[in-house]
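J.: Please read through the structure below; I'll follow up with questions.
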Amino acid sequence: MLENHFVTQLLTLSEIFTNNFFQIPDYQRGYAWDEKQIDELLKDIDHLLLDSSAVRHYTGTLVLSQSKNQVNQYNIVDGQQRLTTLVIFLKCISLFADKVQKESITIKYLKRGDLGNDQFILKLNSDTNKFFEKVILSDRNLENCPITLESHERLLNAYDLINKWISQKTSSGILITQILNVLEDRLGFLVYSPVEDTETGIMFEVINNRGKQLSELEKVKNYLIYCSIKLSALSLRDEITDHWSDILQSLNKAKKTSPSEESSFLRYCLVVFFKMNKTDSQYGYDVLKDRIKIDQCLQSSENKNQTITKLQEFVQFLKLAAKWYEHLYAPNYVGLDKTIKPLIENIRAQNVHASIMPLFLALVLKNKGKGDVLERHLQLLETLNFRVYIANGMTSRKDKGQGDLYQYASKYYYGNLLKHCVSDDERSIGKVELINDDQALEYLLVSFTQNLAHDGWFEASFYLDGKSSFDFYKWRGIRYFLMNYESSLQRNKTINTDKILKSRSSGKTNDYLSVEHLWATENRNFEGQNCREVDRYQKRRLGNFVLLELRLNIQGTNDDAWVKADRYLEGFEQEAPTDLYHVRLAGKSVRKTFNAMSNVKKTINYYSDFYSEIISEQEERYIKFAMKRWSLKGYIGYKKYQEELEN
């Protein structure tokens, strides 16, 4: 069936499956179709059920590579998502079919062979195949194989959607034989199975340029396989097969599997490993193809061997980088040095990483995830990220200076930062002589931070200009800021970062921390009070906010602050008092001010004056903490910059 290079006619599913077995290689991603793609397939089948005149419907392209060891065994290079979905579809049909139909479907599409030696006809990659066979193609019993990956959930969702659709159709009078006829005989596939290595390039160009949405990472994987075949590099091909499954598994655990997220991951890796600049990295696949001109690499054995080695190192780099993605986003701290874990946790909680990620990968990979140098640099990177990219109003663009940071990352990783990025005049800083890349990186990151967010600007970012309409409630860094403040007050208590990052809908009231106003935005508004511009200004200031357990925030949202203070400090009905020390400080401040103003006449300015004192007091506490927590003092280059600033 598949011995010819190109098939000019459309093959049916029945023709494709007859006497053949299929395997999805481990370097392929897991099952990725969601409700949208499945719904589109169901609409196509609906159309064919209604239009009996349509002979055959073009459904897609299959690219298969024939196994060298076994006849009629094919690896699915492209088209795995659609083929997997159709096998699920046929499994669901078998549940509604009579005994003869069920046996026919099973032998042709699901499982074939003598009893005891039978095998499934379609095998998925190693991450999902066990779930596919034991749950989807068997009895759908999750006790046999629990859901552990997103691809498992998608497989189960596809099964449920298709099963529901079939049930609705049969209930409306559509026969199972009609549905089966559409699937077996009226869906047409263009099947391409290259026989010679020279055709592989055409194959990957077809895959990457026919309009299907592929992530840049998938395109690069395809190109690496193409290179391995063109270079006759079996070792490279084996490494891709061995490592790509690990790469996808780590990204899956990190929940970074969308095309855009995979493309971002690839971009950061290309910046570091292939020294791509900011612009080139946005077109990583095309730039990589341009840099690795495979035909030129074949002109000499030296070029060929160098290229093979470089690509093997790149695959290994991707695997290690994906593992650090898992450490950061899963989070998975197994095997991490105990001093590095809290630093990784802080960077994860920042939740803004685009500009610092290449540097993060360069640091952890070059230092092999441990050591005093890495600890110091990760602390500095977290400080830079907060001051420049999270603090309010520090940069006009969210990618300001990104090109410089990307350049530092690649040069640091390859050990030539001091040589190429630090001028001779900068080598000697006060009494410090820059002698290596670690010191050079520290100096450059301090200079970068000071140029974009020096101490004066950073401190001013926490105050609210009376003319500004900005509201600190909408500041994307407020939860992270308050989490750090709370940690500084309770140093022996670990604050659960997930309580900071999770959305309200994903958590119960007892494990979700919300941002709470001390002076509520609607406080006494129904009485026509507290709604002047000066009042709205006070309500938007940083000092008006605390991070509070939702259980204490769901009642009396618009109460006066002294009522809230009682709730924070003493509890409310069946709810215990707050466990958060900064909230207790705020409550005590409210009580102190309330007592001090107990005899003050409640004029039109009473509430504004009352809350202004509380908010200002808390604001000063916050800013004092911030200037210490994200200080650059002690880092190379700080004193020099301060002296230049003063002069």
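The values are calculated or read from the model by the stated rules, or taken from the named source; none is laboratory data. This is a predicted model, so every value here is computed, not measured. So basically every Cβ, Gly included, is an ideal-geometry build from the backbone, and we count neighbours across all protein chains shown. Calculation scope for accessible area: heavy atoms of the full protein, side chains included, ligands and nucleic acids excluded. Shrake-Rupley method; radii C 1.70, N 1.55, O 1.52, S 1.80 Å.
J.: In Å and from the alpha-carbon atoms only, list the Rg and Dmax of the range 539-639.
T.: Radius of gyration, then largest Cα-Cα span, for the range 539-639: 16.5, 55 Å.
J.: Which trypsin sites (Lys or Arg not before Pro) from the range 511-576 combine a DSSP loop assignment with at most 13 other Cβ atoms within 10 Å?
T.: 532
J.: What aspartates and glutamates does residue 366 reach when the alpha-carbon gap must be under 14 Å and sequence neighbours fewer than 8 apart in one chain are set aside?
T.: Here the aspartates and glutamates satisfying the reach criterion relative to residue 366 are 313, 375, 437, 438.
J.: Now for a different question. Grab the alpha carbons of the range 412-483, take their convex hull, and tell me the volume per residue in Å³.
T.: So the per-residue hull volume is 158 Å³.
J.: Another one. If you average the C-alpha positions of the range 312-334 and of the range 110-135 separately, how far apart do those two centres end up, in angstrom?
T.: Value for the Cα centre distance between the two parts: 30 Å.
J.: For a 29 Å ceiling on Cα separation, which of these pairs sit above it: 221/474; 108/256; 493/628; 230/370; 221/255; 310/419? If you can, show how the numbers build up before the last one.
T.: On the way: 221/474 40 Å; 108/256 36 Å; 493/628 20 Å; 230/370 39 Å; 221/255 19 Å; 310/419 23 Å.
In this structure, 221/474; 108/256; 230/370 exceed 29 Å between Cα atoms.
J.: Enter the per residue convex hull volume of the range 109-196, computed from alpha-carbon coordinates, in Å³ rounded to the nearest integer.
T.: That works out to 172 Å³ per residue.
J.: Would you work out what percent of the accessible area of the chain, with all protein chains in place, is carbon or sulfur (probe 1.4 Å)?
T.: Working: 13950 of 30090 Å².
For the chain, the apolar C and S fraction of the accessible surface comes to 46 percent.
J.: Averaging sequence separations of C-alpha pairs under 8 Å and six or more residues apart, then dividing by the length of the range 28-118, give the relative contact order as a whole percent.
T.: After rounding, I find 17 percent.
J.: Show me the trypsin sites (Lys or Arg not before Pro) within the range 281-372 that DSSP assigns to loop and that have at most 11 other Cβ atoms within 10 Å of their Cβ. Display every interim value, and only then the final one.
T.: On the way: sites: 289, 291, 293, 304, 310, 319, 323, 338, 348, 366, 368, 370; in loops: 293, 338, 368, 370.
Filter output for the range 281-372: 338, 368.
J.: Post the alpha-carbon centroid distance, the range 239-277 to the range 170-194, in whole angstrom.
T.: 36
J.: Just tell me which lysines come within less than 23 Å, Cα to Cα, of residue 601; anything on the same chain fewer than 8 places away is out.
T.: Residue 601 reaches 539, 564, 588, 592.
J.: Per the Kirkwood definition applied to all pairs of different Cα atoms, how many angstroms is the hydrodynamic radius of the range 49-168?
T.: 15.9
J.: Continuing with this model, one more query. Quick one: Debye curve from the C-alpha atoms of the range 219-281, no solvent, what's log10 I(q)/I(0) at q = 0.14, 0.18, 0.26 Å⁻¹?
T.: These q points yield log10 I(q)/I(0) values of -0.48, -0.78, -1.14.
J.: Hey, got the Cα dimensions of the chain along the principal axes, in Å, largest first?
T.: 92, 69, 42
J.: Considering every Cα-Cα pair within the range 518-596, what fraction, in whole percent, is farther apart than 17 Å? Could the numbers behind the result be given before it?
T.: Details: 1418 of 3081 pairs.
Tail of the P(r) past 17 Å holds 46 percent of the pairs.
J.: Oh, and also: Thinking of the range 253-330 as a set of Cα atoms, what percent of all their pairs are more than 21 Å apart?
T.: Every Cα pair in the range 253-330 considered, those over 21 Å come to 35 percent.
J.: At what distance in angstrom do the alpha carbon centres of the range 624-646 and the range 461-487 lie from each other?
T.: So the separation of the two Cα centres works out to 21 Å.
J.: Which whole DSSP H helices in the chain pass both tests: a Cα extent of 20 Å or more along the axis and a mean Kyte-Doolittle value no lower than 0.0?
T.: The answer, listed by residue number, is 80-96, 259-273, 437-453.
J.: Still on this structure, I have one more. Restricting things to alpha carbons, find the Rg to Rh ratio for the range 276-433 using the Kirkwood radius for Rh.
T.: When Rh is taken as the Kirkwood radius, the ratio is 1.01.
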